[in-house]
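Before any comments, here is the structure.
The values are calculated or read from the model by the stated rules, or taken from the named source; none is laboratory data. As the structure is a prediction and not an experimental result, all values here were calculated from the model. Counting neighbours? That spans all protein chains shown, and the Cβs are built from the backbone with ideal geometry, glycine included.
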Amino acid sequence: MRRFSTNPIIRPEMDAELGSNINGPSLIRVPAWVPNPLGKYYLYFAHHQGTHIRLALADRLEGPWRLYHPGVLGLADSFFAAHIASPDVHVLNEARQIRMYYHGCCLPTPPHQATRLATSADGLNFNARPEILGSSYWRAFRWQEAWYTLEMPGTLRRSHSGVTAFEQGPRLFTPDMRHAAVLPADDTLTVFYSNANDCPERILYASIRLEPDWHTWRPTPPTTLLRPETDYEGADCAIEPSRRGAVHHRVHQLRDPCVFQDEGRTYLLYSVAGEHGIAIGELTEN
């Protein structure tokens, strides 16, 4: 993967509001049908205990990126009480709609952290739906006229509409799986992910052959794609096993992968030094 020279594209010193926790990227190119866009690209991301979904704007992937105040989808409008995070955003051109799956806390019964859906016509103003769709940390994709999601720790769900009635399927990964990104291509799904308790936590990938019976899907053994190699990724910090939950200081860890495709190219965004910024690189054949 070719890391961008402008990394990290989101960093704490960009804006005092960002503080010491930055994670959960989801990037879109603003569709042409959105009137008066604020930039060519909208990058949604989060704080681990966020009161809203964050948004950064740019006209080039390399940046400069600027923070949009006051963010999008506040906690008061989310149907959750404690925090919201982990946006997973999709552009539906045929419906002229932008969908955002997001998780929140805390429900009195399991899953205590759950996912809901919000929709928007412009990527800025979202209307949340009260229905609980599943557990937390979703990545969604479409395959053969259905929507599938992968939630932490690697459990599949399926829905015809992608809006409601998500049927739970098998769990494909170990209980240590943390956050994932998905890249479908024909009948193959590539999953990028990290594991809590890895030493160091790093970005892995595995492939899944997509068969008509989704209960038969199985991932290949994982391969390491990225590990901390630069100071901004936390390579200057001590190597220690990672832990679940928020981290508010720099650590030797990478997590939160996000796949983005634009003009025939494929990119991967990820959280650096634990949850201390967001970087991006282009995925290449080698």
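Data table
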item: Of all residues making up segment 200-223, the number that are assigned to a helix (DSSP H, G or I) and β-branched (Val, Ile, Thr); result: 1
item: Residue in segment 140-158 that is farthest from Ala196 (Cα to Cα), counting only those that are out of contact with any helix residue (DSSP H, G or I) (no Cβ under 7 Å at 6 or more places or on another chain) and basic (Lys, Arg); result: Arg142
item: Sole residue being buried (at least 16 other Cβ atoms within 10 Å of the Cβ), among the hydroxyl-bearing types (Ser, Thr, Tyr) and over 21 Å from Asn127 (Cβ atoms), chosen from Tyr101, Tyr68, Tyr41; result: Tyr41
item: Some residue of segment 54-62 being surrounded by 17 or more Cβ atoms within 10 Å (Cβ to Cβ), part of a loop (DSSP other than H, G, I, E, B) and out of contact with any helix residue (DSSP H, G or I) (no Cβ under 7 Å at 6 or more places or on another chain); result: yes
item: Any hit, segment 96-111, residues being modelled with pLDDT of 95 or more, within 30 Å of Asn36 (Cβ to Cβ) and out of contact with any strand residue (DSSP E or B) (no Cβ under 9 Å at 6 or more places or on another chain); result: yes
item: Subset of segment 58-115 that is hydroxyl-bearing (Ser, Thr, Tyr) and touching a residue at least 12 places away in the same chain (Cβ under 8 Å) - its residue that is nearest to Asn21 (Cα to Cα); result: Ser86
item: Filtered residue count, segment 180-199, keeping only those that are part of a strand (DSSP E or B) and out of contact with any Phe, Trp or Tyr (no Cβ under 9 Å at 6 or more places or on another chain); result: 2
